[in-house]
1. About its Cα centre, what dipole magnitude does the protein assembly as shown give when the only charges are +1 on Lys and Arg Cβ and -1 on Asp and Glu Cβ, stated in debye to the nearest 20?
2. Please sort by residue number the GluC sites (Glu not before Pro) in region C:207-313 whose DSSP state is loop and whose Cβ has at most 15 other Cβ atoms within 10 Å.
3. Using only alpha carbon pairs under 8 Å that are at least six residues apart, calculate the relative contact order of region C:79-306 and give it in whole percent.
4. Calculate for the protein assembly as shown the 222 nm mean residue ellipticity that helices alone would give, adding -39,500 (n - 2.57) per DSSP H run of length 4 or more and normalising by residue count, nearest 500 deg cm²/dmol.
5. Could you state the principal axis extents of the C-alpha atoms in region C:247-288, from the largest down, to the nearest angstrom?
6. Averaged across the residues of A:42-48, what count of C-beta atoms belonging to other chains lies within 10 Å of each residue's C-beta?
7. Normalising by the residue count of chain A, find the relative contact order in percent from Cα pairs under 8 Å and 6+ residues apart.
8. Do you know the relative contact order of region B:154-274, to the nearest whole percent, from alpha carbon pairs under 8 angstrom that are 6+ apart?
Amino acid sequence: MSSRKRENSVRGARNPRKSIALTVLMAFFVLYTLVPLFWLFVNASKTQPDLFSSFGLWFGDDFALFSNIHQTLTYNDGIYLRWLGNTLLYVVIGAGGATLLATMAGYGMAKFRFPGRRGVFSVVLGAVAVPGTALAVPTFLMFSRLGLTNTPWAVIIPSLISPFGLYLIWVFAVEAVPTELLEAARMDGASEFRTFFTISIRLLAPGIVTVLLLTTVATWNNYFLPLIMLSDPNWYPLTVGLNQWNSQSLGAAAQPIYNLVLTGSLLAIIPIVIAFLVLQRYWQSGLTAGSVKQ
Amino acid sequence: MTSTRTTLTRRVSVVATALIIGVALASCASSTSDDGGTDTGTGTSAAALDAALQKGGKLTYWSWTPSAKDQVAAFEKAYPKVDVTLENVGTGNDEYTKLQNAVTAGSGAPDVAQIEYFAMPQFALSDALLDISPYGAAELKAKYTESTWNHVAIGGKIYGLPQDSGPMAMFYNAKVFKKYGIEVPKTWAEYITAAKKLHAADSKKFIAADTGDAGFTTSMIWQAGGHPFAVDGTKATINVADAGTKKWADSWNQLVDGGLLSTIPAWSDAWYKGLSDGTISTLVTGAWMPGVFEGSVAKASGDWAVAPMPTYDGTPVTAENGGGAQAVLKQTKEPALATAFLRWLNSDPASLKVFTESGGFPSTVAELKDPAFVGAESKYFGGQKINEVLTAAAGEVAPNWSYLPFQVYANSIFNDNVGQSYEKKEDLNKGLAAWQTALVTYGNAQGFKVNS
Amino acid sequence: MTTTSTVPDARANPEVPPVKLEVRRQRRNWQGWAFVAPFMAVFALVFIAPLAFAIYLSLYRRQMIGGNTFVGLENYSQLLSDASFWSGLSRVLLFLVIQVPIMLILALAAAFAIDSARLHAASFFRLMIFLPYAVPAVVAVLMWGFIYGDEFGLAANLNDFLGSKVVTPLSQKWILASIGNIVTWEFVGYNMLLFYSTLTTIPGDLFEAAELDGAGAFRVIRSIKLPALRGSLVIATIFSIIGSFQLFNEPNILRPLIKNVITSDYTPNMYAYNLAFAGQQHNYSATVAIVMGVITAVIAYVVQLRGSRMEER
């Protein structure tokens, strides 16, 4: 099984014709994916009254993006920044921890034959099939007995498990970390952990970055479990907070702040988009390894 | 070295297994609800409340009323040592879901929470609320109207203090009525005629907006003389085919099936806009609405007026819609301080003044009878003395109404059942029957003996 | 550091007694656990314990009147005749059967187009199509909810333009399709990337050979690219199926304004959620969740069997 990349230069030399028709077709596709984001940007720049009176896909009378941003960050004593901080906390510890656990476990599955290995495999794979909501209620009840609800741990601990991450590292490690290298290190008397942290991790780097990115996206977007675990708005992540702002527009003492919901949403997307743009190279090769299965 | 490592990993796995089993067992063991309410230190009495206020502390208060912010500010000014954090975690059922979760979880509940009257039995029954009678709450009984007090005094205990009441009236857009030459309806038949006339004159205007609201429906059934819910201990009766319920459903059917009701969802931004620009020209709801008008429909100031609720045969009768109390949660770590805050909130004249000034409709007898209150001219309602209509309505509430001990749940599945009638423009009686079936099933599953 | 007293190299010294080799292999046997243990420990807390607890819950019933009693399989038999559950299940099945193929076909088409080297600015397209995946589901649904809305949404603008209420994405007739659109929008890029990544690993000489044989683009797709994608297709299908069965976020966030259209039991997950949090019926909720989990697992397993198989090393 090889993962040799095709030599684009060779192909380029033989197939230089670029199709305009195809490009136009794909442009429609991109329009589909981008129009909502463009809509978000345009409408985040409108004032609350303008939202209702102006056309959806173009700017309103006032360009209020900056004042909206200011309002978003200062509304309710700057709770948005608190939510942002919470999200960062959950992401760093949750995604970081998940990546570490998945990397170690995937490595262990790939490079060691230990009793119970098949059991681990089937159990973890089975876990992927279990609906998250199936576990939400019992996890909530369990955590409440343990006194963990309404604390950051209630959000972080469940996000530490990434079965797909384990699977990705496993598949990646099988190829990327040659067993001969490990044997040689063992001959030299290095402990397994030392080998792991000094040699194997470097070899696993693209896979690790992929898993890190996937878990970062997952923890950044985490909504359902925090929704039921947290009742104190001070611990909300951005997703739950934005939803609360949205439902604030409904009700007896309604204070519609749709413009803040939209601006807040726009601000919430930007870090992830940047992360993806910057780290493109890594996750593409990582996903490659994960998807190739003969 | 080999043996140590193997032993180590083996030990780790043993510990891990033990941990898992331990956690599972701990969770499985039935836990009695934590009784955080007893305050052994300062004792319980009215004096203890004053002492707590002097000592100070921190409280969390969940409420969505427009007046909450000002009331909290006034309280903190009067008692600087107490710090109250006001949170609006949602209106109605949204807040109740969070509250119920916190009660189940054993933590995360506020010290004091706003709970509408229909939801009081459910929370009282699930042992979530603190009984405040040890603090001398019974002495406050005389301050409140009988019907509101009955909502907080359940089973010999006192679970909260009433804040407002919601006798119903009809708020109507006088400007729109005048423009289209519509008479203020006194009966439901006249109301339906007015609906047809208005909609025919301008197809963008509706007499009212309704997409199915449990609170509205139960209140309308109440006014029509229906008694679909009856509870006696652990026996419950649910019957939506009784005369009063049918009277309402058959009458309202004409509006639903005739497409005479706007489908703008209540309390949404578009709904406020509709109230503002005449799209929705009447609102039959509780007396607490003026505060919301002033706060959220400012543009229509001067357009609206208040009239008594239409009736079926012309005899004045109303029902209650909404209105609620505040209660102390059993989970609170500051029972005395929380009760003291509650007492101030709903019985101290300073608080009541703030409340009525921000448009709240009181539940206290003194305020309801106060000539200044009754005769107050409302700038928003074109100078009309709206409280004359509203206090009169308070005295005309139909008697003997009861909610289910699981009314919060009942309301949460209202749209699944009755909502379908609205959606398909079908007979409301059918939707109500489906609702009844679901509620009977639920009640029996909860251990009640329903309709047996 | 090598010493002669520790385990010698068996390759260099064939006369080394096998006992020592056994020791070495055994050591490696358990060392695997050292790496896997942290994951498994948290896994036990976060999956196994709640799952066990859920099973326990499903065998009991806690009532407002009467407390907690053991009811055996009564919850399960109640579920078998529960119309709410079956209507929700058939709804997600319908959703699955329509939305998943559409999304995967779109993703495949996009992957082929981007991989074909006949597209201008292929990497731009690749990135733009992937972008929606980075958007949190909540934000995506809020966004699309506004776009669909009657108030300041594009749907409203379109209706004004057309003069009447033609576009009604949030009506009962269209709501499932509207939700399907949101889900497709969110995930088509991710699946596209999965397929594209696989395509980049196909050895170049296969294409050179095909070119020499005069194979056209579509022939290449059929004979080279599609077979290479089999593994990814299976994975993508399984995850999409699982996602469809778990449908919750999208209908739930849209629900507040359209309570008559999206009922509290619209999908099995919403049903389980509302049973627990609106009805305080945690036991029955656990039952629904377990049954859904089993159904999902069975179908995912069947799909996996029909697709490729994991190669063990």
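No value in this document is a laboratory result; all are computed from the given coordinates. It should be emphasised that the depicted structure is a prediction, and the values quoted were computed from it without experimental measurement. Neighbour counts run over all protein chains shown; Cβ positions are idealised from the backbone, glycine included.
1. Numbers: 77 positive and 73 negative charges, 823 e Å.
Taking the Cα centre of the protein assembly as shown as origin, the dipole is about 3960 debye.
2. Loop-located and lightly packed - C:311, C:312.
3. Values: 216 pairs, mean separation 64.6, N = 228.
Here the relative contact order equals 28 percent.
4. Numbers: 49 runs with 625 residues, N = 1059.
The helix-only estimate for the protein assembly as shown comes to -18500 deg cm²/dmol at 222 nm.
5. Per principal axis, max minus min of the Cα coordinates gives 29, 18, 12 Å.
6. Working: counts 0, 5, 0, 0, 1, 0, 1.
Average per residue, whole number: 1.
7. Numbers: 296 pairs, mean separation 77.7, N = 294.
Answer for chain A is 26 percent.
8. On the way: 95 pairs, mean separation 28.9, N = 121.
Relative contact order for region B:154-274 comes out at 24 percent.
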